[in-house]
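Here's the structure, in C-alpha cells; my notes come after.
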Amino acid sequence: MTSITKGLLILFSSFMITACGSFSDPIKQLSNNNESLTLGDTVTKTIKTKELYGAWAVASDSASNDPTKILYLVVLLPNHSGVNYMTIENKKADVDATFYEFYNWRFNEKEKIMTMNSFERTSIENGQKKVEKINESVNYDTQLYKHEGEILAIKFSGADGEYTFLRMDDETYREVVKDIPGIPPLKR
C-alpha cells in the first residue's frame, strides 16, 4: 500500500510533465512506471461502461531532478465524448508543448474493447497553434485495476502499445484543469 500511496502523491502533485525527444516514448516510459503501482492489485473480470467515466492521468515525478515534466490526461465523459490532453515542458531544452485530441468513444463490455474515434487534434508548440481535423479510429483492450474494491487504474493495450493511467479524483481534476481552456468539467 505504501508504494500505491507514494505513486498517487507523486501523480497528483505533478501538474506539468516534460519530455525530451519523441512524443510517445516518454509516455510509454511513464505509463510503464505507473503500471508497477498496480501489480499487486486485482484486475477486474468485468467492466461496466459507467466505471470508465472520469479523468485518468499519468505524470512524471515533479520531485525528480529531471528537467522534463509531463502530464497526460484521458477524460471520458458520460455522453461518450472525450479528450486526451498532454503538456510537455523542458526548461533546459526550451521545449513547451501542449496537445489536445478530441474524440467520441464507445465501450464493448462483453469484449472489454474501447473504441476511440478522433475528430480533432490541436498542438501548441512554443506559442504556435495548429488545429487538424482528423478521422481516426483506434481500438484498445481494456483492463481495470482495483484495490480493496476501489478502482485505481486503467490499462489500454492496442497496436500502438500499452498505457496505464491512474484514476484521478474529481477534486484533483478540477484543480489541475481550472486554468486550461478546452478541458471539459466532469459531470457524473
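The values are calculated or read from the model by the stated rules, or taken from the named source; none is laboratory data. This structure is a prediction, so every number in the text was calculated from the model and none was measured. Note that each Cβ is placed from the backbone with ideal geometry, even for glycine, and that neighbours are counted across all protein chains shown.
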- Note on the structure: Checked against (1) closer than 27 Å to VAL43 by Cβ; (2) free of Cβ contacts under 8 Å to residues at least 60 places away in the same chain, LEU152 satisfies every condition except (2)
- Give the residues of segment 122-152 that are loosely packed, with under 10 Cβ neighbours inside 10 Å and within 30 Å of ASP169 (Cβ to Cβ), sorted by residue number. GLU148, GLY149, GLU150
- Message: For segment 116-169, give me the residue count where each residue is among the polar types (S, T, N, Q), over 19 Å from ASN104 (Cβ atoms) and part of a strand (DSSP E or B).
- Response: 5
- Residue list for segment 37-66, restricted to those being modelled with pLDDT of 70 or more, under 18 Å from the mean Cα position of the chain (by Cα), within 24 Å of MET86 (Cβ to Cβ) and not in a strand (DSSP E or B): GLU51, LEU52, TYR53, SER60
- Any idea how many residues of segment 67-108 are in contact (Cβ under 8 Å) with a residue 60 or more places away in the chain and outside any strand (DSSP E or B)? 4
- Message: Among (1) assigned to a strand (DSSP E or B); (2) without any contact (Cβ under 8 Å) to a residue 12 or more places away in the chain; (3) not basic (Lys, Arg), there is one condition GLU111 misses while meeting the rest; what is its number?
- Response: (1)
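Report whether or not ASN34 is modelled with pLDDT of 95 or more and either outside any loop (DSSP other than H, G, I, E, B) or of a type in the set (Gly, Ala, Ser) (or both).
Numbers: modelled with pLDDT of 95 or more: no; either outside any loop (DSSP other than H, G, I, E, B) or of a type in the set (Gly, Ala, Ser) (or both): yes.
No, not satisfied.
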- Note on the structure: By residue number, the members of segment 170-185 that are surrounded by 13 or more Cβ atoms within 10 Å (Cβ to Cβ), in a loop (DSSP other than H, G, I, E, B) and touching a helix residue (DSSP H, G or I) at 6+ places or on another chain (Cβ under 8 Å) are ILE183
